Amino acid sequence: MSSAIPIGSTLSPNARKGRYGIAYFQNVCAQFGVGFDETSADEDVLAIDGTVQFPALPVRIQIKCTKKVFGPAGKLSWPVTEEWKTKWARNFGPAYFVVVQVPNDIPGDWIEYGGADITTHRSTAYWAKIDTSSMGGSISIHRTNRLTPDTLAQWNADLWSCFSEEAA
């Protein structure tokens with residue numbers, strides 16, 4: 001399948017990647033057992049794509065989808081603008097940057113509809129905590145930070161630590 005827009009499709013190749021990234025992240029949230037509320041396109045004023053709905057408070061997430069690969073040091077860098085950093089600096093609690101990695105620009109390769117009634121996503125996701133105080137012109141995502149349901153448990157714990165007595 002080519003990356004061209006098929007007859008009947010309305011999304012550009014870039015928009016397809018964006019939608020897939022959000023959908024992939026929503027699947028991980030569903031597997032963990034929390035909702036993800038996507039920011040309306042007209043309301044994306046904080047450079048945040050949505051919030052994970054933990055019981056205590058929501059946590060803000062920015063999601064990108066790419067075919068970029070990790071470098072030899074196991075890092076993937078994503079350029080950030082000063083505008084994003086200014087907006088992210090307004091977060092009180094933890095916020096995270098998620099990169100969904102697809103194998104290439106051909107959407108037909110992102111999901112495999114194999115035998116035995118199994119559908120497999122041929123994608124992975126990785127994350128970094130947004131820390132504008134130590135961020136230069138890019139955010140570094142490490143291969144060791146693979147996004148799984150356990151990641152969401154860790155994020156929930158990070159959120160609670162903002163309100164612990166040690167944090168006060």
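What follows draws every value from the coordinates through simple rules; no lab data is involved. Note that the structure is predicted; figures quoted are calculated from it, not measured. Virtual Cβ from ideal backbone geometry, glycine too; neighbours counted across all protein chains shown.
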Where nothing but the Cβ of Lys and Arg (+1) and of Asp and Glu (-1) is charged, how large is the charge dipole of the stretch 11-54 around its Cα centre, in debye to the nearest 20? 320 debye
Output wanted: per-residue J couplings in Hz (rounded whole) for the stretch 105-113, from phi through Karplus 6.51 cos²θ - 1.76 cosθ + 1.60, θ = phi - 60°, x for Gly and Pro. 8, 9, x, x, 8, 6, 10, 10, 9
Could you tell me how many degrees, from 0 to 90 and to the nearest 10, lie between the Cα long axis of helix 149-161 and the main elongation axis, the longest principal axis, of the Cα atoms of the chain? 20 degrees
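For a 19 Å ceiling on Cα separation, which of these pairs sit above it: LYS17/LYS64; LYS17/LYS129; LYS64/LYS129?
Numbers: LYS17/LYS64 8 Å; LYS17/LYS129 22 Å; LYS64/LYS129 14 Å.
From the list (LYS17/LYS64; LYS17/LYS129; LYS64/LYS129), the Cα-Cα distance tops 19 Å for LYS17/LYS129.
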How high is the relative contact order of the chain? Use alpha-carbon pairs under 8 Å, at least six apart in sequence, and give a whole percent. 22 percent
How tilted is helix 13-32 with respect to the longest principal axis of the chain? Cα atoms for both, answer in degrees (0 to 90, nearest 10). 60 degrees
If you scale each eigenvalue of the Cα gyration tensor by 5 and take the root, what three semi-axes come out for the stretch 87-164, rounded to whole angstrom and sorted largest first? 31, 17, 9
Would you compute, for the Cα atoms of the stretch 13-161, the largest minus smallest coordinate along each principal axis and list the three values in descending order, in whole Å? 47, 34, 33
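If you put +1 on each Lys and Arg Cβ and -1 on each Asp and Glu Cβ, how big is the dipole of the chain around its Cα centre, in Debye rounded to 20?
Numbers: 15 positive and 17 negative charges, 114 e Å.
For this selection, approximately 540 debye.
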Placing +1 on each Lys and Arg Cβ and -1 on each Asp and Glu Cβ in the chain, then taking the dipole about the Cα centre, the residue among ALA15, VAL28, PHE70 whose Cα reaches farthest towards the positive end is PHE70
Using amide H atoms built in the peptide plane, which far-off residues or other-chain residues are under 5 Å from ALA125 H to H? GLN101, LEU147
